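Visitor: The structure follows.
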Amino acid sequence: MAEIATIARPYAEALFQAAKADTATTAVWLDELAAVASNDQLRQFADSPKSSPAQVFDLIAGVLKSNLPEMGANFLRTVIDNGRIAALPEIAAQFRVLKNAQQGTFDAVVHSAFDLDSAALVDLSGVLEKRFGRKLNLQVELQPELIGGIRVVVGDEVFDTSIKARLEQMKIALTA
């Protein structure tokens with residue numbers, strides 16, 4: 001995947017420079033584009049010699065939940081014209097890294113066995129920011145197989161308080 005990362009870097013950096021004033025809004029529509037571009041059928045359609053760039057643009061723009069701003073439409077046309085639709089998810093990831101670096105924040109994925117309400121998420125955010133020593137953007141993903149507790153991933157750091165992890169630790173201790 002290093003090749004995709006290499007291809008995506010200049011696009012992410014150029015978009016970041018163009019959107020310096022409003023990176024939050026840009027991140028929203030870019031993440032939406034990345035989600036659409038991760039569809040295999042869409043990429044097959046885009047790669048087909050029978051599909052014109054205008055048809056690919058119209059299809060992607062039609063699938064999006066909201067209208068693209070002018071900068072987003074121009075960016076998407078550039079990506080389509082250069083045949084880089086497959087790189088959109090990586091472009092979005094690299095853009096997010098640049099945006100987080102500018103704001104001094106980090107993305108954190110909280111894997112939870114159960115839904116977390118907004119009050120619990122605010123409390124958890126405070127605790128995790130103290131634990132990791134940095135400002136975090138939390139994203140919650142449900143994983144019922146954890147049984148209970150949470151598992152937090154921040155970059156390459158993992159904080160696991162799930163019941164599944166504790167059971168596995170007990171299993172290792174008992175079999176050693």
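The values are calculated or read from the model by the stated rules, or taken from the named source; none is laboratory data. Because the structure is a prediction, the values reported are computed rather than measured. Glycine also receives a Cβ, built like all others from the backbone with ideal geometry; neighbour counts cover every protein chain displayed. All accessible areas refer to the heavy atoms of the entire protein, side chains included, with ligands and DNA or RNA removed. Shrake-Rupley method; radii C 1.70, N 1.55, O 1.52, S 1.80 Å.
Visitor: Checking the condition in a helix (DSSP H, G or I) and among the aromatic types (Phe, Trp, Tyr), which residue from PHE114, PHE95, PHE106 passes? Break it down stepwise before answering.
Guide: Working: PHE114 fails: in a helix (DSSP H, G or I); PHE106 fails: in a helix (DSSP H, G or I).
The match here is PHE95.
Visitor: A follow-up question, please. Give PRO89, PRO49, PRO10, PRO53 a once-over and let me know the one that is in contact with a helix residue (DSSP H, G or I) (Cβ under 7 Å, 6 or more places away or on another chain) and surrounded by fewer than 16 Cβ atoms within 10 Å (Cβ to Cβ). Full working, then the answer.
Guide: Details: PRO89 fails: surrounded by fewer than 16 Cβ atoms within 10 Å (Cβ to Cβ); PRO49 fails: in contact with a helix residue (DSSP H, G or I) (Cβ under 7 Å, 6 or more places away or on another chain); PRO10 fails: in contact with a helix residue (DSSP H, G or I) (Cβ under 7 Å, 6 or more places away or on another chain).
Testing whether each residue is in contact with a helix residue (DSSP H, G or I) (Cβ under 7 Å, 6 or more places away or on another chain) and surrounded by fewer than 16 Cβ atoms within 10 Å (Cβ to Cβ) leaves just PRO53.
Visitor: Could you look through the range 13-34, keep only residues that are under 15 Å from the mean Cα position of the chain (by Cα) and among the acidic types (Asp, Glu), and pick out the one that is surrounded by the most Cβ atoms within 10 Å (Cβ to Cβ)?
Guide: Applying the first criterion (under 15 Å from the mean Cα position of the chain (by Cα)) to the range 13-34 yields 23-34.
Among the residues that remain, those that are also among the acidic types (Asp, Glu) are: 31-32.
Values: ASP31: 16, GLU32: 18.
Going through the qualifying residues, I end up with GLU32.
Visitor: Okay, next question. Can you go through LEU124, LEU142, LEU146, LEU59 and tell me which one is over 23 Å from GLU168 (Cβ atoms) and not acidic (Asp, Glu)? Don't jump to the end; show me each part of the working.
Guide: Numbers: LEU124 fails: over 23 Å from GLU168 (Cβ atoms); LEU142 fails: over 23 Å from GLU168 (Cβ atoms); LEU146 fails: over 23 Å from GLU168 (Cβ atoms).
Of the residues listed, the single one that is over 23 Å from GLU168 (Cβ atoms) and not acidic (Asp, Glu) is LEU59.
Visitor: Any idea how many residues of the range 143-176 are loosely packed, with under 12 Cβ neighbours inside 10 Å, outside any helix (DSSP H, G or I) and of a type in the set (Lys, Arg)?
Guide: Residues flagged as loosely packed, with under 12 Cβ neighbours inside 10 Å, outside any helix (DSSP H, G or I) and of a type in the set (Lys, Arg) within the range 143-176 amount to 0.
Visitor: Collect the residues in the range 130-142 that are open to solvent by 50 Å² or more (accessible area, probe 1.4 Å), outside any strand (DSSP E or B) and either in contact with a strand residue (DSSP E or B) (Cβ under 8 Å, 6 or more places away or on another chain) or not small (Gly, Ala, Ser) (or both), keeping them in residue-number order.
Guide: LYS130, ARG131, ARG134
Visitor: When you scan the range 87-98, do you find a residue that is over 16 Å from the mean Cα position of the chain (by Cα) and under 30 Å from ILE150 (Cβ atoms), even just one? Full working, then the answer.
Guide: Quick first cut of the range 87-98, residues over 16 Å from the mean Cα position of the chain (by Cα) only: none.
No: zero hits.
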